[in-house]
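Here is the structure we will look at.
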Amino acid sequence: MALAAGVGLLLAFGPLAFGATEPSAIFLLQEAVALLFAIWALRSIAVQRLEIAGSPLFVPMLLFAAVVGLQLLLNHTAYWYATWQKALLWAAYGLLAFVAAQCLRSRIARERFGIAVTGFGLALALFAILQKFAGNGQIYWVVKNQAAADFFGPYPNHAHYAGLMEMLIPFPLVLAMARYTSAPLRLLYAFAALIMGSSVFLSKSRGGVIALVIELGVLTVLASLGRSRRTQLRLWFGFGLLLIFSVLLVRPHGLWDRFLQVSVPVDRVHDDNRLTMLEDSLRMVRERPLLGWGFGNFATAYPAFRSFYTDLLVNAAHDDIVEIMVETGLPGLIVVAGFLYLLYRSGMRNLRHWRHDPRASIALAALVGCTGLVVHSFSDFNLQVPANAAWFFVLAVLATTSLTPDDSHPSQRKESVALAWQQRVAQ
């Protein structure tokens, strides 16, 4: 349980540290991941037993590392040091996801993880809302925001706060629908989801709102498997009405205006038009389709292709998929497509009995949370924010880690426990 607590604390640290975008926070993140992996390895050596919980996502993750490694070996990068630094950071994400898969295997560990995620998400949303209405224009009331975007909660960029909440909201929703949850706790989980969802609207992130609506639709479809659709629709209709009521109550001023800005030409809203960046990025891909411009080198290579004037640094493509294609070429894009295919193919297999088994419930919540960030990634760069990227890879692995027969169904679990007790008595 110590390793699980360490993983949870590290995941909570990132968002609280302004998204872990500062060099000091990135350093602490990488060192903490290395320490957790060392503890897991030493413990395995001490007990003289190596049991690894596998995930099909480990294969595309290693293939992506091979693509980046090839860039470094061939010096096929606009700036070798930037590629090396980002490779180390993404290696830390992979190690953290691996450790999480090993220490969050049991029923009790995943149940506690779901409760912890709900508590953290609710506390963070309440803080963000409080800061929104009682703040002084500074993060934590003391830190001046240096980013060009509006901040929300502890994040300098409001869209990145929305990206985190998209991954956390499915946990209280799934736990509220699970049959092993008592009635009082269901109300508490529903309240947490309502507050967290309302904060996404308050953040005024267009991509966040769209992603939230889509992931709620995906959760409705997945959760209705094997259950009366009429009952499911009633539950979601009630939650939808409460969410709409709460949004109307807090009145997120300016949200509709931000949606209208999508059609405004780039010369009138500076760099707020993602379509122009997308066109420039595709020209970069055509220039270097094989291996790209080097992992972590979008900001370095983009100025030569930028087709509009701005005095701001364009540090991301505002589309994670396109940015990966720019930096790693077609091989990187193929690996990412394989990653997403395995995510949903394997994740869907873990959804049986999710209403009875906390392991399957957490798998469902993790899969839906990843869906929200994937949708948002087509209009923003959440995967370039260390805190959100760490959450995404951990949830992706939790959604796809194979459930053993003894833990996949309650009846089988009871039989295995009874058999173990009989063997113990016989000894």
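The values are calculated or read from the model by the stated rules, or taken from the named source; none is laboratory data. Because the structure is a prediction, the values reported are computed rather than measured. Here the Cβ positions follow ideal geometry from the backbone for every residue, glycine too, while neighbour counts run over all protein chains shown.
Among the residues of the stretch 3-13, is any more than 20 Å from Val397 (Cα to Cα), touching a residue at least 40 places away in the same chain (Cβ under 8 Å) and out of contact with any His (no Cβ under 9 Å at 6 or more places or on another chain)? No: zero hits.
Across the stretch 373-404, the number of residues qualifying as within 25 Å of Met277 (Cβ to Cβ), among the hydroxyl-bearing types (Ser, Thr, Tyr) and surrounded by fewer than 24 Cβ atoms within 10 Å (Cβ to Cβ) comes to 1. When restricted to residues that are crowded, with 17+ Cβ neighbours inside 10 Å and either over 14 Å from Ala78 (Cβ atoms) or free of Cβ contacts under 8 Å to residues at least 40 places away in the same chain (or both), the stretch 286-298 contains 1. Every condition in (1) modelled with pLDDT of 80 or more; (2) in a loop (DSSP other than H, G, I, E, B) is met by Asp272 except one, and the failing one is (1). As a summary of the residue check, Val7 satisfies the conditions (1) surrounded by 14 or more Cβ atoms within 10 Å (Cβ to Cβ); (2) among the aliphatic types (A, V, I, L, M); (3) modelled with pLDDT under 95; (4) part of a helix (DSSP H, G or I) except for the one numbered (3).
How many residues are of a type outside the set (S, T, N, Q) and either assigned to a loop (DSSP other than H, G, I, E, B) or exposed (fewer than 14 other Cβ atoms within 10 Å of the Cβ) (or both) when one looks only at the stretch 124-174? Lay out the reasoning, then the answer.
Step one: of the stretch 124-174, the residues of a type outside the set (S, T, N, Q) are 124-130, 132-135, 137, 139-144, 147-156, 158-174.
Among the residues that remain, those that are also either assigned to a loop (DSSP other than H, G, I, E, B) or exposed (fewer than 14 other Cβ atoms within 10 Å of the Cβ) (or both) are: 130, 133-135, 137, 140-144, 147-151, 153-154, 156, 169.
Going through the stretch 124-174 one residue at a time, the tally reaches 19.
Condition check for Arg306 on (1) part of a loop (DSSP other than H, G, I, E, B); (2) under 24 Å from Leu367 (Cβ atoms): one failure, at (2). Selection within the stretch 177-202: residues that are among the β-branched types (Val, Ile, Thr) and free of Cβ contacts under 8 Å to residues at least 60 places away in the same chain. The member of this set that is farthest from Leu164 (Cα to Cα) is Thr181.
Would a scan of the stretch 96-104 turn up a residue that is surrounded by fewer than 18 Cβ atoms within 10 Å (Cβ to Cβ), touching a residue at least 12 places away in the same chain (Cβ under 8 Å) and not charged (D, E, K, R)?
Looking only at the stretch 96-104, we keep the residues that are surrounded by fewer than 18 Cβ atoms within 10 Å (Cβ to Cβ), and these are none.
No: the stretch 96-104 contains no residue that is surrounded by fewer than 18 Cβ atoms within 10 Å (Cβ to Cβ), touching a residue at least 12 places away in the same chain (Cβ under 8 Å) and not charged (D, E, K, R).
Please work out if Glu215 is under 19 Å from Ala20 (Cβ atoms) and among the acidic types (Asp, Glu). Quick ask: steps written out before the conclusion?
Working: under 19 Å from Ala20 (Cβ atoms): no; among the acidic types (Asp, Glu): yes.
Spelling it out, it is not the case that Glu215 is under 19 Å from Ala20 (Cβ atoms) and among the acidic types (Asp, Glu).
Over 29 Å from Ala82 (Cβ atoms), in contact (Cβ under 8 Å) with a residue 24 or more places away in the chain and surrounded by fewer than 24 Cβ atoms within 10 Å (Cβ to Cβ), is that true of Leu351? In short, yes.
Restricting attention to the stretch 43-102 and to residues that are part of a helix (DSSP H, G or I), of a type in the set (A, V, I, L, M) and more than 25 Å from the chain's Cα centre (by Cα), the residue that is modelled with the lowest pLDDT turns out to be Val47.
The set of residues in the stretch 113-151 that are without any contact (Cβ under 8 Å) to a residue 24 or more places away in the chain and not small (Gly, Ala, Ser) comprises Leu130, Gln131, Phe133, Asn136, Gln138, Tyr140, Trp141, Val142, Lys144, Asn145, Gln146, Phe151. When the criteria are applied in full, Arg179 fails the requirement of being of a type in the set (Lys, Arg), part of a helix (DSSP H, G or I), modelled with pLDDT under 95 and out of contact with any strand residue (DSSP E or B) (no Cβ under 7 Å at 6 or more places or on another chain).
Within the stretch 34-59, restricting attention to residues that are under 23 Å from Gln85 (Cβ atoms) and out of contact with any Phe, Trp or Tyr (no Cβ under 8 Å at 6 or more places or on another chain), the residue that is surrounded by the most Cβ atoms within 10 Å (Cβ to Cβ) is Leu36.
Quick one: which of Ser198, Ser205 is among the polar types (S, T, N, Q), touching a Ser or Thr at 6+ places or on another chain (Cβ under 8 Å), over 25 Å from Asp357 (Cβ atoms) and at pLDDT 85 or above?
Working: Ser205 fails: touching a Ser or Thr at 6+ places or on another chain (Cβ under 8 Å).
Residue meeting the stated conditions: Ser198.
Kindly evaluate Tyr161 against the criterion of being more than 16 Å from Gly217 (Cα to Cα) and in contact with a strand residue (DSSP E or B) (Cβ under 6 Å, 6 or more places away or on another chain). The answer is yes for Tyr161.
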